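First the structure, in the form of structure tokens, and then the observations on it.
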Amino acid sequence: MREPRITPKSAPEITPSVEELEEQERRLVFQRFTYDDAWALGSLLVEMARKRQAPVAIDIHRAGQQLFHAALPGSTPDNDAWIARKRRVVERYGAASYLVGTRFRAKGTTFEESSRLDPAVYAAHGGSFPVHVENVGIIGSVTVSGLPQLQDHRLVVEALERFLAS
């Protein structure tokens, strides 16, 4: 099962380093994360994706409970399967799914080759980011699926930056 890909219209994107991705996680930390926060963050992601006509599905989980889900035009049931696989990587590794995949690539291997985890259950592809609450830890995840993995990751990061700045 392959994640649907949308061909970018701009120049190739520069892949962030492990250090850059780790810095994002240090910076994007919540003071609290409520049901209302999940709704507001999910709604912001929907608004951003609609403006870009991005065919994505969006999911926010906290402590094993789905607090938000949206499927935009052009998304498919496969996006929900990708969301679940990416989210499991965040839950298992306590890090963004893109960061986990990048760490394996930095070691000269891939997640699929070296993690010993079932690729039908786990996907270290970009798009799932931990919901980290200060003085608490990681309590959930926010996940997007439908774009190339770096674009999925960047959409989530941009939404988190906007949300946490407000």
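Most fluctuating residue of Thr76, Thr15, Thr102 in a GNM of the chain with Cα springs under 10 Å: which is it? So, out of Thr76, Thr15, Thr102, the one fluctuating most is Thr15.
For the chain, a Gaussian network of Cα nodes joined below 10 Å ranks Ile139, Ile14, Ile83 by mean-square fluctuation, and the top entry is Ile14. Here the Karplus relation 6.51 cos²θ - 1.76 cosθ + 1.60, evaluated at θ = phi - 60°, turns the backbone of the range 149-165 into coupling constants of 4, 5, 5, 4, 4, 5, 5, 5, 4, 4, 5, 4, 4, 5, 4, 6, 7 Hz, with x for every Gly and Pro.
Here the range 86-111 and the range 132-166 have alpha carbon centers that stand 15 Å from each other. Sorted on the mean count of surrounding Cβ atoms within 10 Å across their residues, most packed first, peptides 59-65, 48-54 read 59-65, 48-54.
A Cβ-based charge dipole, computed about the Cα centre of the range 87-159 with Lys and Arg at +1 and Asp and Glu at -1, lands at about 180 debye.
Quick one: net charge of Ser115's neighbours, Cβ under 13 Å, K/R +1, D/E -1?
+4
In the neighborhood of Glu47, defined by Cβ-to-Cβ distances under 13 Å, what is the net charge if each Lys or Arg adds +1 and each Asp or Glu adds -1? Combined, the nearby Lys, Arg, Asp and Glu give +3. The Cβ shell under 11 Å around Gln24 holds other residues with a net charge of -4, Lys and Arg each +1, Asp and Glu each -1. Residue by residue, the range 93-107 carries 3J(HN,Hα) couplings of 9, x, 8, 4, 4, 5, 4, 4, x, 5, 4, 5, 4, 5, 8 Hz when phi is fed to the Karplus relation 6.51 cos²θ - 1.76 cosθ + 1.60 (θ = phi - 60°); x denotes Gly or Pro. If you run the Gaussian network model on the chain, springs between alpha carbon atoms under 10 Å, then out of Ser145, Ser128, Ser43 the most flexible one is Ser43.
The dipole here belongs to the range 11-166: it is taken about the Cα centre, uses +1 on the Cβ of Lys and Arg and -1 on the Cβ of Asp and Glu, and is about 100 debye. Using R0 = 30 Å, the C-beta based FRET efficiency linking Val29 and Ala106 works out to 0.80.
Sorting the segments 20-29, 66-75, 111-120 by their residues' average number of neighbouring beta-carbon atoms within 10 angstrom, most packed first, yields 66-75, 20-29, 111-120.
The H on the amide N of Ser75, modeled in the peptide plane, is under 5 Å from the matching H of Val56, each at least 5 residues off or on a different chain.
Quick note: the coordinates plus some simple rules give every number you see, no bench work behind them. The shown structure was predicted, so the numbers you read here are calculated from the model rather than taken from an experiment. Positions of Cβ are backbone-derived with ideal geometry, glycine not excepted, and every protein chain shown enters the neighbour counts.
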